[in-house]
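Engineer: Sharing a structure here in structure tokens format.
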């Protein structure tokens, strides 16, 4: 019942903005009206995003890991790319939005969600175990992708503003997609066991011979149903993203807020439901699922956002600035090093979580006081 109401509200909002949106967006000079429109769109998009998470979790239950969390992270990143693309195409003057969004996702996921999750998990379960091979595989891809996308452009000599030449944009996009594609083959193919909890994997192996055939026969129709519902929840978010982008761009300009705030808001809007899902998994002592969600989100964000924003830049003729400032590069480097240390042993504790949260706090301060 709740899912039907959510879908009805989302699609009704799509219809309302398709019919009246042009006139409404022309009245953004009225602060109260603009605030109400923003609250409406934000509420509907978040509600639909929770629907995406719900359907993805149902699929995760049916398909098992790593396919369940992979579906969720890809769905969430598609929403993120849609929002970033909408802002870039509507504002026509957002050269750093893709960079700011990717950096915000990495900070929110790798420091905010991971830090809070490890603290909650440590307080509740003392120590939590996970599959070290899976976390290492994620980080082995995240580190070069983040370096290629966010650090190298700052130091290239062909440009001086952190942007890329046409040749660099095309080749970097190909390299990014290729590396992400290889990772997906590993994650869903011969090394899929790396992304499953060792204890859960052993239990599944004991019961698979008896239960798996009947389960797959019974759930085939349900899988299709949840995939349809997943798409039905994603589409309204994509269709409403342009209107939200227009209001967001207007609000940041009117308030004189830091330009990086746009990327932070997009990252927060998109990844709030997934972050909550990760924290719930940690509370249930399912750290492996939370790692798959968090590190998977970081991997997918760079792997899909970089080629998307560079393609938009090449097609529309816009300048796309990917290179971070020296301060942000330092914070990113510390985050990547810390993540490698955090996930270098078979168990996690409260200490690692506290350090990640401190770094997240530093990131928030630097947004408003760079």
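The values are calculated or read from the model by the stated rules, or taken from the named source; none is laboratory data. Note that the coordinates shown come from a computational prediction; the quantities given were computed from them, not determined experimentally. Cβ sites come from the backbone with ideal geometry, for glycine too, and all protein chains shown count toward neighbours.
Engineer: Considering the stretch 312-328 alone, what residues qualify as being under 30 Å from residue 290 (Cβ atoms), outside any loop (DSSP other than H, G, I, E, B) and within 20 Å of the chain's Cα centre (by Cα)?
Structural biologist: Within the stretch 312-328, 328 is the sole residue that qualifies.
Engineer: Go through the residues of the stretch 113-131 one by one and say whether even a single one is modelled with pLDDT under 90, within 29 Å of residue 239 (Cβ to Cβ) and over 19 Å from the mean Cα position of the chain (by Cα).
Structural biologist: No - not one qualifying residue is present in the stretch 113-131.
Engineer: Kindly indicate whether any position in the stretch 345-353 is over 20 Å from the mean Cα position of the chain (by Cα), in a strand (DSSP E or B) and over 26 Å from residue 159 (Cα atoms).
Structural biologist: Yes, because at least one residue in the stretch 345-353 is over 20 Å from the mean Cα position of the chain (by Cα), in a strand (DSSP E or B) and over 26 Å from residue 159 (Cα atoms).
Engineer: Identify the residue in the stretch 325-370 that is touching a strand residue (DSSP E or B) at 6+ places or on another chain (Cβ under 7 Å) and surrounded by fewer than 20 Cβ atoms within 10 Å (Cβ to Cβ) and, among all such residues, is modelled with the lowest pLDDT.
Structural biologist: Looking at residues that are touching a strand residue (DSSP E or B) at 6+ places or on another chain (Cβ under 7 Å) and surrounded by fewer than 20 Cβ atoms within 10 Å (Cβ to Cβ), I get 346.
Engineer: If a residue must be buried (at least 18 other Cβ atoms within 10 Å of the Cβ) and assigned to a loop (DSSP other than H, G, I, E, B), how many such residues does the stretch 275-311 contain?
Structural biologist: Total satisfying the criteria: 1.
Engineer: I'd like to check something: does the stretch 239-256 contain any residue that is more than 30 Å from residue 133 (Cα to Cα) and not in a helix (DSSP H, G or I)?
Structural biologist: yes
Engineer: Would you confirm, using the coordinates I've provided, whether residue 121 is in contact with a strand residue (DSSP E or B) (Cβ under 6 Å, 6 or more places away or on another chain) and surrounded by 23 or more Cβ atoms within 10 Å (Cβ to Cβ)?
Structural biologist: Judged against the criteria, residue 121 is a match.
Engineer: Any residue that is within 29 Å of the chain's Cα centre (by Cα), modelled with pLDDT under 90 and buried (at least 17 other Cβ atoms within 10 Å of the Cβ) - is there at least one of those in the stretch 202-220?
Structural biologist: yes
Engineer: Go through the stretch 2-41 and give me each residue that's touching a residue at least 40 places away in the same chain (Cβ under 8 Å) and under 25 Å from the mean Cα position of the chain (by Cα).
Structural biologist: 3, 6, 7, 10, 11, 13, 14, 37, 38, 41
Engineer: Please identify the pairs in which a residue from the stretch 142-165 that is at positive phi and surrounded by 15 or more Cβ atoms within 10 Å (Cβ to Cβ) has its Cβ atom under 7 Å from the Cβ atom of a residue that is modelled with pLDDT of 90 or more and not in a helix (DSSP H, G or I), counting only partners at least 6 apart or on another chain.
Structural biologist: What qualifies is 162/321; 162/322; 162/323.
Engineer: Could you say whether any residue in the stretch 56-79 is over 25 Å from residue 181 (Cα atoms) and buried (at least 22 other Cβ atoms within 10 Å of the Cβ)?
Structural biologist: No, because not a single residue in the stretch 56-79 is over 25 Å from residue 181 (Cα atoms) and buried (at least 22 other Cβ atoms within 10 Å of the Cβ).
Engineer: For the stretch 38-54, how many residues meet the condition of being surrounded by 20 or more Cβ atoms within 10 Å (Cβ to Cβ) and at pLDDT 85 or above?
Structural biologist: 6
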